[in-house]
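Peer 1: What follows is a structure written as structure tokens; I'll ask about it next.
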Amino acid sequence: MEEKKKHIAIIGSTGSIGTQALDVIARFPDRFVVEVLTANGNARLLIAQAKTFKPNVVVICDESKYKEVEEALWPEGIKVYTGIKSLEEVVRMEPIDLVLTAVVGFAGLRSTVSAIDAGKDIALANKETLVVAGEIITELASQRNVKLLPVDSEHSAIFQCLAGEWYNPVEKIYLTASGGPFRGRTRQELASVTREEALKHPNWSMGAKITIDSASMMNKGLEVIEARWLFGLKARQIDIVIHPQSIIHSIVQFADSSMKAQMGLPDMRVPIQYALGFPWRLPADYPRLDFADFSQLTFEKPDFETFENLKHAYRALEKGGNLACVMNAANEVAVEAFLKGNIRFLDMAELIGETMEAIPFLKQPSIPDYEASDAQAREYARQWLNK
Ligand code: NAD
Ligand code: MG
């Protein structure tokens, strides 16, 4: 395969996805070139990454860390910018072919839209941006003829199952979910769970926000909405199945009743590599599944009564407009408060539900409308916390 090298920007290179992406990239120096690395505040790791991968540009969003990064990288001939606004500009740089969006939360929205507008393919990890503004993002991507390549393991699984099926309509998809650390618990038992328990995911090691989202099932709720936009499906075509072993990463069902699933050990480098290398499967020595270690793969129904966030997400999906944006903003505030020890586990879903009731509905929001709804929802949620 003689291929031109792919020039890559990683937005959020110091996080769980960002560091694993660099592990992938380091394996294929004749395939990938790093053009841009960015971090919010982890200056030390950003500097170390830049010294290894020699990007053209880095962005440290936290302005108080600018001097430290600038002084370390200036001698290396690497340009250093600061401020969240710079993300919107650096993703447009001429040599970039593909932008990996690995920031967490709503903060990734503007840079993703800007990269698509500039015609860059997107390897999409930052699911919150699609949840908030899926309609605008997918329309812009199709106008600019830009690929949205999923990084989320479930969506990568669906995408892999759809290879070669482009003309066959999907009847239904099943997003698998491990169920998180609290699978099988009752509401009563969840009332007193701690932050430490919630941070212990059984199968995946991830950033703190998505780990809490997995415990509260909001992660799966966000993924249902993410799937709606990536694959153009209706709410009733998307089901969740609890699969505690996390070996089957998701399933597509077709018109003839046939189902295709994608499976393997849980290792985010695999979907990251598929998105970066698409359409090629590059050879890699990641651990292989041994069936002897998994004598049983099991499946259960999700518990919508205990994990109310699932109901919130389907309601947001069905209603559309700014409701998913409001839900996402309230969730970001709720998770932060839970991580700080300011609210209990079950308060999160309650706060989200009440914020969704309170914020005025907008049917066809623009990006500035989404930003306004996000701000309103955060403000409402903060006041709720102070009550
Ligand atoms: P993380 O917290 O480990 O890393 C986040 C990265 O974004 C860091 O580099 C951080 O510096 C940067 N960042 C955070 N806030 C920022 C802000 N306000 N402005 C600019 N930069 C900011 O998160 P993660 O676990 O790597 O997750 C990243 C995204 O990928 C999330 O949307 C998550 O849902 C999604 N995702 C993650 C995994 C996983 O295994 N970690 C799996 C599937 C999807
Ligand atoms: Mg996932």
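Peer 1: Could you give the distance between the Cα centres of region 252-292 and region 320-385, to the whole Å?
Peer 2: Cα centroid to Cα centroid, the span is 34 Å.
Peer 1: Okay, next question. State the antiparallel share, in %, of DSSP beta bridges confined to region 152-318, rounding to the nearest 5.
Peer 2: Of all bridge pairs located within region 152-318, approximately 65 percent are antiparallel.
Peer 1: Would you be so kind as to identify which of Val69, Ile242, Phe159 lies farthest towards the positive end of the dipole of the chain, taking Lys and Arg as +1 and Asp and Glu as -1 on Cβ and the Cα centre as origin?
Peer 2: My answer, from the dipole projection, is Val69.
Peer 1: Whole number please: convex hull volume per residue, Cα atoms of region 250-372, in Å³.
Peer 2: Output value, Cα hull per residue: 230 Å³.
Peer 1: Another one. Return the carbon/sulfur percentage of the accessible area of region 320-387, one whole number, probe 1.4 Å, all protein chains in place.
Peer 2: 49
Peer 1: Considering amide H positions built from the backbone, and no H for Pro or chain starts, which residues 5 or more places from Val34, or on another chain, come under 5 Å of its amide H?
Peer 2: Ile8
Peer 1: Next question. At 10 °C and a viscosity of 1.306 mPa s, what translational diffusion coefficient does Stokes-Einstein give for region 320-387, taking Rh as the Kirkwood radius over Cα pairs? Give it in µm²/s as a whole number.
Peer 2: 135
Peer 1: Let me ask something else about it. Charges at C-beta only: +1 for Lys and Arg, -1 for Asp and Glu. How large is the resulting dipole of region 243-323 about its Cα centre, in Debye rounded to 20?
Peer 2: Roughly 320 debye for region 243-323.
Peer 1: I'd like to know which of Ile367, Phe338, Thr355 lies farthest towards the positive end of the charge dipole of region 320-387, counting +1 on Cβ of Lys and Arg and -1 on Cβ of Asp and Glu.
Peer 2: Phe338
Peer 1: Here is a follow-up. Rolling a 1.4 angstrom probe over the protein heavy atoms, how many square angstrom per residue are accessible across the chain?
Peer 2: Per-residue value: 45 Å².
Peer 1: If you look at just the Cα atoms of region 81-157, how large are its Rg and its Dmax in Å?
Peer 2: Considering region 81-157 through its Cα atoms, Rg and Dmax are 11.5, 36 Å.
Peer 1: On to the next question. How big is the antiparallel share of DSSP beta bridges in the chain, given as a percent to the nearest 5?
Peer 2: Percentage antiparallel, nearest 5: 25.
Peer 1: If amide hydrogens are placed 1.01 Å from N in the peptide plane, which non-local residues have theirs closer than 5 Å to the one on Tyr81?
Peer 2: Counting only residues 5 or more places away or on other chains, the set is Val58, Val59, Ile60.
Peer 1: Another question, if that's okay. What nm distance separates the two modelled labels at Thr186 and Lys311, each placed 7 Å from Cα along Cα→Cβ?
Peer 2: Going from the Thr186 label point to the Lys311 one covers 1.8 nm.
Peer 1: Also, I was wondering about something else. Counting residues in the chain as N, plug N into 2.2 N^0.38 Å and put the Cα Rg over that result.
Peer 2: Relative to the rule-of-thumb radius for its length, the chain sits at 0.96.
The values are calculated or read from the model by the stated rules, or taken from the named source; none is laboratory data. Nothing here was measured: the structure is a model prediction, and the numbers come from that model. So basically every Cβ, Gly included, is an ideal-geometry build from the backbone, and we count neighbours across all protein chains shown. For the accessible areas, the whole protein counts, side chains as well, though only heavy atoms, and no ligand, DNA or RNA atoms are used. Shrake-Rupley method; radii C 1.70, N 1.55, O 1.52, S 1.80 Å.
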